[in-house]
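Below you'll find the structure, written out as structure tokens, and then a few comments.
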Amino acid sequence: MADGALVDPAGPFRDLSDQDLLFRVIKKKECLRRERLSEAFMLGTGETGLSVCYDCLASEAQSIVQLDSHGVAQLLHGGVTALHLAVVPDHPKHAEIRGIPHKETNRVEAERLASELATISTIAHVQRYRKPG
Amino acid sequence: MAAQPNTLCGLGTSSPTRSSRSSEPPSEELRDSLEKLQDSLEQLKTDVQQASLKLLELSTPPDSSFSGGDVLQALREMKWSGGVLKVYEMTYGITPASRVSSQIISAIDQLKAGKEDEVVPTDFAYMTACAVIQSAYSREAQTARNVPRIMPEPWVTTDDVGGIRVLWNFGSRKLRANFGARPELQTYLYYESNSELNAEPLDAELLKRRLTWLTER
């Protein structure tokens, strides 16, 4: 930069609106079944939040996160914040849903929020994706 | 099924019972009735076996709206459910509970052998899950009073560290058994309905009670 100011390469990012769509990549094929979708919203060990994509098409989400997966669920940003959860962007097309506890620290809340997030989600894209390499 | 159930019911309204109470040898009428009853029962067993196999076959495709639980519920809702279920058990030599139990154990074994999308469960989770499931679904446990005959089939999966999760859904009710991968990780039973949700310790007795809760009206 001409003025010598430091620019954070990871930000800043735009504010998300209630109508913004978030895309959650589905790693287990069985989670594509409506009644099993909640498992896709359980926080993994060491994760600080649930990985979601935004500002992209549902069909692009799998290649953004580059995980072996079977499809993509979509949910509205407004639906997530209504559950008192925050969506924190960490990339122009990627964010984390924060505020979900791990089942080891708060099992009831972890399970309840997984159910709630599944309830406000729909399957938006079904395709087998294998990460490159 | 033709008219076999009616034939069976019809025999129940005749008078063989009165004759059988006496010390006299069975009358010809009674022998005929018994033979008809036996024939009817054999025919009914065959019919139920074929119908059940057909219905269970329908439950095989992953996208089918049928499941074993649906089949049993359908049978249960028929007025002659008691007889049909009894014949179902006689035909297969198993109860709905033992069938579902076998399916769950088989699913856990498949996870242990390695399955796509899944982490291989730890020995600790494997042994805990098998012991609790088998005990909760055991014939002894499920012949207790007030245990439902409807047995929803759960989904068996793993968490990211090799714990086992068994998930049942029935209407708006959800039941999730979480078997921790290691002794220091949480093993619990989570239940949820429109009016309540909580988690409790996971053992065979509590699981059996929650399975009853899952399907009670």
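The values are calculated or read from the model by the stated rules, or taken from the named source; none is laboratory data. Note that the structure is a prediction, hence the values are computed from the model and not measured. Because the Cβ atoms are built from the backbone with ideal geometry, glycine has one as well, and the counts that use them run over all protein chains shown.
Residue count for the stretch A:64-84, restricted to those that are more than 12 Å from the chain's Cα centre (by Cα) and surrounded by fewer than 19 Cβ atoms within 10 Å (Cβ to Cβ): 9.
For the stretch B:169-217, residues that are within 21 Å of A:Glu104 (Cα to Cα) and not acidic (Asp, Glu) total 24. Assess whether A:Phe23 counts as being modelled with pLDDT under 95 and either surrounded by 15 or more Cβ atoms within 10 Å (Cβ to Cβ) or touching a Leu at 6+ places or on another chain (Cβ under 8 Å) (or both). So A:Phe23 fails the test. Name the single residue that is farthest from the other protein chains (Cβ to nearest Cβ) among those in the stretch B:178-208 being part of a strand (DSSP E or B) and in contact with a Gly (Cβ under 8 Å, 6 or more places away or on another chain). Per the stated criteria, the residue is B:Phe179.
Can you find a residue in the stretch B:134-153 that is within 12 Å of another protein chain (Cβ to nearest Cβ) and either at pLDDT below 95 or not in a loop (DSSP other than H, G, I, E, B) (or both)? Yes, the stretch B:134-153 contains a residue that is within 12 Å of another protein chain (Cβ to nearest Cβ) and either at pLDDT below 95 or not in a loop (DSSP other than H, G, I, E, B) (or both).
Scan (1) surrounded by 21 or more Cβ atoms within 10 Å (Cβ to Cβ); (2) within 11 Å of another protein chain (Cβ to nearest Cβ) for the single condition B:Leu211 breaks and write down its number. For B:Leu211, the exception is condition (2). Inspect the stretch A:49-63 for any residue being charged (D, E, K, R), surrounded by fewer than 18 Cβ atoms within 10 Å (Cβ to Cβ) and farther than 15 Å from A:Glu96 by Cα and give the result as yes or no. Yes, that holds for at least one residue. Of the residues screened, B:Leu175 is not one that is part of a loop (DSSP other than H, G, I, E, B), within 11 Å of chain A (Cβ to nearest Cβ) and not basic (Lys, Arg).
For every residue, the table says whether it meets (1) under 25 Å from A:Ser69 (Cβ atoms); (2) among the charged types (D, E, K, R); (3) surrounded by 21 or more Cβ atoms within 10 Å (Cβ to Cβ); (4) over 19 Å from the mean Cα position of the chain (by Cα).
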{"site": "B:Asp117", "(1), (2), (3), (4)": "yes, yes, no, yes"}
{"site": "B:Asp123", "(1), (2), (3), (4)": "no, yes, no, yes"}
{"site": "B:Ala131", "(1), (2), (3), (4)": "no, no, no, no"}
{"site": "B:Ile164", "(1), (2), (3), (4)": "yes, no, yes, yes"}
{"site": "B:Asn178", "(1), (2), (3), (4)": "yes, no, yes, yes"}
{"site": "B:Leu197", "(1), (2), (3), (4)": "no, no, no, yes"}
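Checking A:His125, A:His102 one by one, the residue that is within 13 Å of A:Met42 (Cβ to Cβ) and at pLDDT 95 or above is A:His102 and no other. Candidates A:Gln66, A:Gln62, A:Gln74: the one that is at pLDDT 95 or above and on the phi > 0 side of the Ramachandran plot is A:Gln66.
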